[in-house]
Amino acid sequence: MECGGAKLAIIINCYNYEDYVRHSIESVLSQDTSQCDVIVVDDGSTDRSWEVIQKFNVRAFRKQNGGQVSACRYGASKTSAPFILFLDADDELVPGSIQTIIRHLDANVAKIQFPLLRIDATGTELGSTFPKLADARDRASFAESVEKAGTYISPPTSGNVFHRDLCALLETAHYDSAVDGVMLLAAPFYGDIISLAEPLGRYRVHGKNKSGTDRLPTPSLLRRHQKRFADRVSHLKEALSDQGVSGAIGNPTDMYVYLRYSNYCDILDLKRIRWTSILRTVNAFPGWYGPARRVSVVLFLLASIVLPVRTVRSILEVRLTRNWRPMLTKIRTLGMARSS
């Protein structure tokens with residue numbers, strides 16, 4: 001049953017996660033949910049997910065497959081709670097997290113974000129959390145980061161709680177396959193963002209993840225991401241204009257995220273990055289990039305001009321996948337060839 005005075009809705013969206021959805025639901029129902037709406041939406045799964053979901057005493061709905069945005073939009077329509085957490089069916093909440101979240105909710109909050117603990121397919125912790133956040137409450141710095149860079153430090157979907165005013169943006173986010181895209185960008189223009197240092201959720205790393213994986217993206221995938229980013233920024237500008245919300249949102253092609261995609265595509269296509277692109281990228285650095293990270297990016301961009309293009313591509317593979325093995329193998333092979 002819907003809780004009429006619910007402060008928070010937890011919407012678990014599921015598609016073909018029969019192996020994990022039980023753990024996701026249990027992680028919520030094992031806590032005090034007296035101030036919550038708990039809703040599970042099965043997005044037309046073709047496995048046994050719906051059978052698993054029906055075993056729990058929870059409001060559950062099954063709809064025709066339409067993607068994550070469609071499932072979350074449907075779930076949001078089934079609650080009037082002022083705040084919503086969209087929990088992926090392969091992720092979990094840690095004990096006590098719901099009450100921690102509720103303690104931080106007030107009328108001026110647009111978003112609460114918290115780190116996630118990485119777990120493997122069996123639920124074993126992998127010993128790391130992401131992203132690194134400090135306890136803080138701010139708005140202006142996040143808005144400035146969006147205006148200039150098109151990004152700020154934020155966790156994946158399950159690490160965010162959104163005010164339902166932001167969720168209204170999903171009604172016109174038909175270009176997107178990710179539920180948290182435009183809402184993340186819009187949040188600082190709608191209210192305060194509260195960052196919590198304590199990890200309140202678990203992010204499961206397995207073969208079907210769309211984010212947080214070590215797979216090397218293809219140039220075509222990066223270009224799709226780039227276009228989707230531009231669409232999000234355009235959507236944000238329209239939404240702020242319609243609601244009379246102030247925001248100096250610039251051209252998405254001048255933002256760091258867009259430029260980074262362009263640089264990556266050039267490198268993966270074995271092309272040289274142009275000086276003009278490097279200068280534009282450096283000028284659009286996010287404000288939260290520290291000196292060490294700025295130097296690292298600049299050195300990498302400069303290396304893309306002077307080093308062989310295939311070497312630069314190998315370095316990029318390491319940066320994107322955090323896997324040094326292929327690079328070390330190439331170095332070892334090169335060393336053996338020179339010594340023979």
Worksheet item: To the nearest 10 square angstrom, how much accessible area does Glu125 have with a 1.4 angstrom probe?
Response: 110
Response to the item:
With -39,500 (n - 2.57) per DSSP H segment of 4 or more residues and division by the full residue count of the chain, the 222 nm estimate, nearest 500 deg cm²/dmol, is -13000 deg cm²/dmol
Item to complete: May I ask you to rank His174, His23 by accessible area, largest first, using a 1.4 Å probe over the protein chains only?
Response: His174, His23
Worksheet item: Rounded to the nearest 10 Å², what accessible area does Val94 show when all protein chains are kept and the probe is 1.4 Å?
Response: 20
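Nearest 5 is fine: what % of DSSP beta bridges in the range 112-237 come out antiparallel, could you say?
Here the share of antiparallel DSSP bridges comes out near 55 percent.
To the nearest 0.05, what FRET efficiency results for Glu144 and Ser177 with a Förster distance of 25 Å applied to their C-beta separation?
Details: r = 28 Å, r/R0 = 1.11.
About 0.35, to the nearest 0.05.
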Discussion item. Given axes a ≥ b ≥ c from the Cα gyration tensor, I'd like to know whether the range 154-277 is rounded (a/c under 1.5), prolate (a/b larger than b/c) or oblate.
Written reply: oblate
Fill in: Residue order for Tyr152, Tyr74 - accessible surface, 1.4 angstrom probe, largest first
Tyr74, Tyr152
Worksheet item: Within the chain, what percent of beta bridges assigned by DSSP are antiparallel, to the nearest 5?
Response: 35
Worksheet item: Computed FRET efficiency, Cβ-Cβ of His104 and Val306, R0 41 Å: what is it to the nearest 0.05?
Response: 0.25
Worksheet entry | the range 1-66, accessible area per residue, ligands and nucleic acids excluded (1.4 Å, Å²) | 48
Discussion item. Under 8 Å for C-alpha pairs, at least 6 residues apart: give me the relative contact order for the range 89-217, rounded to a whole percent.
Written reply: 45
Response to the item:
Note on the range 32-149: contact order normalised by length, alpha-carbon pairs under 8 Å, 6 or more apart, percent, works out to 17
Worksheet item: Rolling a 1.4 angstrom probe over the protein heavy atoms, how many square angstrom per residue are accessible across the range 92-165?
Response: 43
Worksheet entry | Nearest-10 value in Å² for the accessible area of Lys63, using the 1.4 Å probe | 30
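The values are calculated or read from the model by the stated rules, or taken from the named source; none is laboratory data. What you see is a predicted model, and the numbers here were worked out from it, not measured in a lab. Using ideal geometry, Cβ is built from the backbone for each residue, glycine included, and neighbour counts are taken over all protein chains shown. Note: areas computed on protein heavy atoms with side chains; ligands, DNA, RNA excluded. Shrake-Rupley method; radii C 1.70, N 1.55, O 1.52, S 1.80 Å.
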